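> Take a look at this one; I'll ask things after.
The values are calculated or read from the model by the stated rules, or taken from the named source; none is laboratory data. The structure displayed is predicted, hence computed values, not measured ones. Because the Cβ atoms are built from the backbone with ideal geometry, glycine has one as well, and the counts that use them run over all protein chains shown. Side chains are part of the model used for accessible areas, which takes the heavy atoms of the whole protein and leaves out ligands, DNA and RNA. Shrake-Rupley method; radii C 1.70, N 1.55, O 1.52, S 1.80 Å.
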Amino acid sequence: MAASPLPPPDPRFVLRGTQSAVHALHFFGGAEGQGQPLLLSGSLSGLVHIWSLQTRRAVATLDGHRGQCVTWLHSLPQGHQLLSQGRDLKLCLWDLAEGRNAVVDSMRLESMGFCRSTVLARGQRHWMLAMPGRGSDEVQILEMPSKTSVCTLKPEADAKPGMPMCLELWQAESSPRPLLLAGYEDGSVALWDVSERKVCSRVACHTEPVMGFDFDSQKARGVSGSAEKALAVWSLDEQQALQVCKTHELTNPGIADVKIRPDRKILATAGWDHRVRVFHWRTMKPLAVLSFHSATVHCVAFAANGLLAAGSGDQRISIWSLYPISSDSSTPLSGHVEDTEVGAHALA
């Protein structure tokens, strides 16, 4: 007789008080967390909330986007600076050191699209920024904080990928050259050599716009989602050629966000069907369906300690602890397991 699936898990706890839909999440290892990370959330109302996971309350609220939706949050390497991007076409740099909540710099975005920016650290005080450019299909690359223009990446004349939808700057350990992965409106993913300002390769992953992706630079493998009922897993070979490895069919269409956990063992998706789905990253076996939210899940984020956060249109942020990050863990997954043979041993 087949083993019954485990009952659906409950969140470890739930954060309430955003008073509008949650569209961006980012874990932040600030000193104020005292061993626990802080969680940053960006809302439809234009506010950024800083949450203590110890008290489970907001310790600060940042208001820098004139009531327009906050779509992206990212902390900088020096630890006390935050970037926020909003639908007001503004990118704000915040100083959060010693309790400060001040905008110390800002930049105007040229594009009304939905594309989130991305950052590549270039030392403690310098970073590279990629953001949607002036032309609808362009990506602008800047050296920061000087705001020096590096280049504008524009698709080749015969390519019509549409608007960039997702961006990720990264750099291979064996090379000093920065690279950019971009997901486009036509469902393709392209790899750009920033120094050469050219596309190294492009692959068709979806028939709908790429809504979210994440890339595992150690395994040279990425995963993307769109409005379709499928996730695409793609790889990058040593010749910098992208290829689709497999697709994973989903129960319902619509993926708003995809994140791989920092230990590269599992990944989570944010679904239009109100659900968070968890997969084993190496095999793409479904591990759990987290059915808590009552509206679209817009974003997911992992902390370095393995906690998973999900933000939804129902104005709630759920915090989950599924598999502990441990090299010798024998604890099975606590959750609705779609494949009951998948246990912690499969995360090796």
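> What ranking do 90-101, 144-155 get when scored by the average of other Cβ atoms within 10 Å per residue, highest first? Kindly include the intermediate steps, with their values, before the conclusion.
On the way: 90-101: 16.1, 144-155: 14.4.
Packing order, densest peptide first, comes out as 90-101, 144-155.
> Would you mind checking K198/K259; K147/K285; K90/K219; K160/K265 for any pair whose Cα atoms are more than 32 angstrom apart? Intermediate results must be reported in sequence, preceding the final value.
Working: K198/K259 27 Å; K147/K285 43 Å; K90/K219 34 Å; K160/K265 35 Å.
Where the Cα-Cα span goes over 32 Å, the pairs concerned are K147/K285; K90/K219; K160/K265.
> Separate question: Please say if region 116-218 is rounded, prolate or oblate, where rounded means a/c under 1.5 for a ≥ b ≥ c the square roots of the C-alpha gyration tensor eigenvalues, and otherwise the choice is prolate for a/b larger than b/c and oblate otherwise? Present the calculation step by step, with values, prior to reporting the outcome.
Numbers: a/c = 1.76, a/b = 1.44, b/c = 1.22.
Prolate shape, in that a/c is at least 1.5 and a/b is the bigger ratio.
> Further, regarding this structure: Tell me, what % of the accessible area of region 110-249 is carbon and sulfur with a 1.4 angstrom probe? It would help to have the intermediate numbers written out before the result.
Values: 2990 of 6440 Å².
Carbon and sulfur: 46 percent of the exposed surface of region 110-249.
> Long-range amide H contacts for V150: which residues qualify at under 5 Å (H placed 1.01 Å from N, peptide plane, sequence gap of 5 or more or a different chain)?
Distant-sequence amide H within range of V150: I141, L142, E143.
> State in Å² the accessible area per residue of the chain; use a 1.4 Å probe, count heavy atoms of protein chains only, and round to the nearest integer. Mind showing how you got there, number by number?
Working: 15170 Å² over 348 residues.
With the other protein chains kept in place, the chain gives 44 Å² per residue.
> Whole-Hz Karplus ³J(HN,Hα) for region 167-179, in order, using 6.51 cos²θ - 1.76 cosθ + 1.60 and θ = phi - 60°, x for Gly and Pro?
Values, residue by residue: 9, 8, 7, 7, 8, 5, 4, 8, 9, x, 8, x, 10 Hz.
> Determine the shape class of the chain: with a ≥ b ≥ c the square roots of the Cα gyration tensor eigenvalues, call it rounded for a/c under 1.5, and otherwise prolate if a/b is greater than b/c, oblate otherwise.
Numbers: a/c = 1.58, a/b = 1.14, b/c = 1.39.
Because a/c hits 1.5 or more and a/b fails to exceed b/c, the chain counts as oblate.
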